[in-house]
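Visitor: Have a look at this one before I ask anything.
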Amino acid sequence: MGNCFGSSEDADVEAVKAMDHHAHARAAMARPGMVAPQPNAHAAMSPARPPRNKPPSGGSGSGSRRPVAGGEPSPSTEGRILETPNLRIFTFAELKAATRNFKADTLLGEGGFGRVFKGWVDEKTMSPARSGSGMAVAVKKLNPESLQGLQEWQTEVNFLGRLVHPNLVRLLGYCWEDKELLLVYEYMAKGNLEDHLFRSEPRKGGGAFQPLSWSLRLRVAIGAARGLAFLHSSEKHVIYRDFKASNILLDTHFHAKLSDFGLAKDGPAGGSSHVTTRVMGTYGYAAPEYVATGHLYVKSDVYGFGVVLLEVLTGLRALDTDRPSGQHNLVDWAKPHLADRRKLARLMDPRLEGQYSSRGAQRAAQLTLRCLAAEHTNRPSMKEVVAVLQEIESMSSRSSRPDGSVGSASPRPTARSGGHGYGGHSPRPGPAPEWAGGHGSHPPPRGR
């Protein structure tokens, strides 16, 4: 991406700066505040329109901004929960300028919710900056016709605006003007885990996705597990509800951060074991008890983690109808093989080329099986998952060669027709279908 605007883009930035004072004053009156979430409050919100309140106390109005920390937080930094969201309120004009009027070459991705663009802002003032200067941000622009997206937008602000942890993506601010709903996040340079596991074609603005090494896969898994563990151990026992590879974002150093909190819910309270809610999420990752009954437990997230851990081990998607019959659902097909050392070797992602700790892979497979237990009470806590993954990482480090590479597992599996040991076709591009359906029904695909 270029380092400067064209003349018209320069004018856009300068025009936004020139009108800064007046626009911010109008925006502060016109825009809603985000109420601090109460238990299940977001579930009861009207789908027609979020409440129009004054900006939350302690939150940042337009023209003010949350401090931007220099450098990456230490992975050991403890998270915290703010009493109210501390977010910058952007004007629509500011975000138009920051993304060069949402120009096509700034598009990072899109889905049913809308599109995500790359933008640039001044690191101190958060005002729009020229392309290539200042701080890169990701701007999610909601599809104005999406009522479901509107509810998820409010939930995202209420949760991610208050949760602070090194393994949760930072929400920097938001914009609400008329029908325009936007969210502004820190920019994650390496994209999402799904692309690194399954895509081989060149990415936009960069080279092809290179296969992740065993050590990087462990790093990503540990980071994502820490993020979930923080949510579960918080006062409200937050349930993420949509854990999947595409929601795990990676920074320059492949530190993982959870994103997209549109389906998050406060966990059970008052001694209850679960919350009952409409079934929503992504088919293939949701826990069986949730799909069947709508009963959502904290450990329903642990099942989703187990699915992603299985994808990390195998390099295969959770769902892929291009694979041979009987192999479409990865958990159903691969789960019986995880406890068998020889079968596990054939199941491992051939793109690792055997460069992984055999003992570490066996421990990871055992952990995956525990996470995928049919009964939620038999699944480990995410705190325990983090501890086991760290042991595996330490074990793999000890088996590394002096040059830092990991010793080959033996015997190295021979790839067959699909390159995955059991004759499956290569995973097709595109995400697994999502759904929002009634309890007990087989969920049909849902776009979001």
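Values quoted throughout were computed directly from the atomic coordinates according to the rules given, and no laboratory measurement underlies them. Because the structure is predicted, anything quoted here is derived from the model rather than measured. Please note: Cβ atoms are built from the backbone with ideal geometry, for glycine as well, and neighbour counts cover all protein chains shown.
Visitor: Order by neighbour count: Met395, Met348, fewest other Cβ atoms within 10 Å first, most last.
Guide: Lowest to highest Cβ neighbour count: Met395, Met348.
Visitor: If we count other beta carbons within 10 Å of each Cβ, what is the order of Asp122, Asp301, fewest first?
Guide: The order, fewest Cβ neighbours first, is Asp122, Asp301.
Visitor: Post the alpha-carbon centroid distance, the range 144-189 to the range 293-318, in whole angstrom.
Guide: Cα centroid of the range 144-189 versus Cα centroid of the range 293-318: 24 Å apart.
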